[in-house]
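Visitor: Supplied in structure tokens, the structure appears directly below.
The values are calculated or read from the model by the stated rules, or taken from the named source; none is laboratory data. Since this is a predicted model, take the numbers as computed values, not measurements. Positions of Cβ are generated from backbone atoms using ideal geometry, with glycine treated the same way; all protein chains shown enter the neighbour counts. Areas reflect the complete protein model, heavy atoms only, side chains present, ligands, DNA and RNA absent. Shrake-Rupley method; radii C 1.70, N 1.55, O 1.52, S 1.80 Å.
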Amino acid sequence: DAEITQSPRHKITETGRQVTLACHQTWNHNNMFWYRQDLGHGLRLIHYSYGVQDTNKGEVSDGYSVSRSNTEDLPLTLESAASSQTSVYFCASSVGLAGNNEQFFGPGTRLTVL
Amino acid sequence: GDSVTQMEGPVTLSEEAFLTINCTYTATGYPSLFWYVQYPGEGLQLLLKATKADDKGSNKGFEATYRKETTSFHLEKGSVQVSDSAVYFCALRTSGGSNYKLTFGKGTLLTVNP
């Protein structure tokens, strides 16, 4: 069955370290998204991509970067982790057709920055 | 810009009670509207959607009607079960072209007691 996976599921790191969170989908979806979920803020969009080599900033992109070298993967990199980036991170994908906007979400990665 | 406002939680109900979670939105044009549900420890999944005014989305006993005149998309269920305990997110997608991003509300935690 097609799916979207995230790894690791839990990560503890130290301030200043570079961290990469993986997202892999097997639906062959064009669109991929990264969100962070924080109490009192709901889901906020970090970065998104509408296809290979395409990346765009979301509303909370500072301190994060993404790259899209193939259809299946959109890794999220924290260049220099900060305590404010402690959060739960969700990756999502969608097919990208005008009449079908459902986003499929991964199980999430809980990141703690000490 | 686009925004979604949900009723503040948490909401606690007894089994078989009636549920309403209010959602109002601000958007240009004619957005598509969604309700997503997040069960404990999982990612979000689509519950229902409506793509034009007066459409009613329904799934698993939940319903929501797209009301353009009041810019609302309230979620209702006639008789909740313990298994409905989850966080519910209202979301919108701005109409037009190749924009596939979703704007989410902050989420409403529902707890149903037996």
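Visitor: Could you please let me know if A:LEU45 is away from every other protein chain (no Cβ under 12 Å), under 27 Å from B:ASP2 (Cβ atoms), touching a Gly at 6+ places or on another chain (Cβ under 9 Å) and open to solvent by less than 30 Å² (accessible area, probe 1.4 Å)?
Guide: no
Visitor: Separate question: So which residues in the stretch B:39-66 are among the polar types (S, T, N, Q), surrounded by fewer than 16 Cβ atoms within 10 Å (Cβ to Cβ) and at pLDDT 95 or above, if there are any at all? Spell out the reasoning first.
Guide: So the first thing to find is which residues in the stretch B:39-66 are among the polar types (S, T, N, Q), and the list is B:45, B:51, B:58-59, B:65.
Subsequent filtering for residues that are surrounded by fewer than 16 Cβ atoms within 10 Å (Cβ to Cβ) retains B:45, B:58-59.
Of everything in the stretch B:39-66, those that are among the polar types (S, T, N, Q), surrounded by fewer than 16 Cβ atoms within 10 Å (Cβ to Cβ) and at pLDDT 95 or above turn out to be B:SER58, B:ASN59.
Visitor: Then there is this: From the list A:LEU74, A:LEU39, pick out the single residue that is open to solvent by less than 10 Å² (accessible area, probe 1.4 Å) and out of contact with any Leu (no Cβ under 8 Å at 6 or more places or on another chain).
Guide: Result of the check over A:LEU74, A:LEU39: A:LEU74.
Visitor: Of the conditions (1) open to solvent by 30 Å² or more (accessible area, probe 1.4 Å); (2) modelled with pLDDT under 95; (3) among the charged types (D, E, K, R), A:ASP62 fails just one. Which one is it?
Guide: Every listed condition holds for A:ASP62 apart from (2).
Visitor: So in the stretch B:89-114, with the set limited to residues that are among the aromatic types (Phe, Trp, Tyr) and out of contact with any Leu (no Cβ under 6 Å at 6 or more places or on another chain), which one is surrounded by the fewest Cβ atoms within 10 Å (Cβ to Cβ)? First the steps, then the outcome.
Guide: Restricting attention to the stretch B:89-114, the residues satisfying the condition of being among the aromatic types (Phe, Trp, Tyr) are B:89, B:100, B:104.
In the following step, the residues that additionally are out of contact with any Leu (no Cβ under 6 Å at 6 or more places or on another chain) were identified as B:89, B:100.
Details: B:PHE89: 26, B:TYR100: 20.
Applying the filter and picking the extreme gives B:TYR100.
Visitor: Okay, moving on. Can you name the residue in the stretch A:77-114 that is facing chain B (nearest Cβ under 9 Å) and aromatic (Phe, Trp, Tyr) and, of all such residues, is least open to solvent (accessible area, probe 1.4 Å)?
Guide: A:PHE90
Visitor: Of all residues in the stretch A:49-100, count the ones that are touching an Asp or Glu at 6+ places or on another chain (Cβ under 9 Å) and among the aromatic types (Phe, Trp, Tyr).
Guide: The total comes to 1.
Visitor: Take B:THR20 and decide whether it is out of contact with any Asp or Glu (no Cβ under 8 Å at 6 or more places or on another chain), β-branched (Val, Ile, Thr) and open to solvent by 30 Å² or more (accessible area, probe 1.4 Å).
Guide: Answer is no for this residue.
Visitor: Just give me the residues in the stretch A:31-69 being of a type outside the set (Asp, Glu) and not in a strand (DSSP E or B), in sequence order.
Guide: Once the filter is applied, which keeps residues that are of a type outside the set (Asp, Glu) and not in a strand (DSSP E or B), the stretch A:31-69 yields A:LEU39, A:GLY40, A:HIS41, A:VAL52, A:GLN53, A:GLY58, A:VAL60, A:SER61, A:GLY63, A:SER67, A:ARG68, A:SER69.
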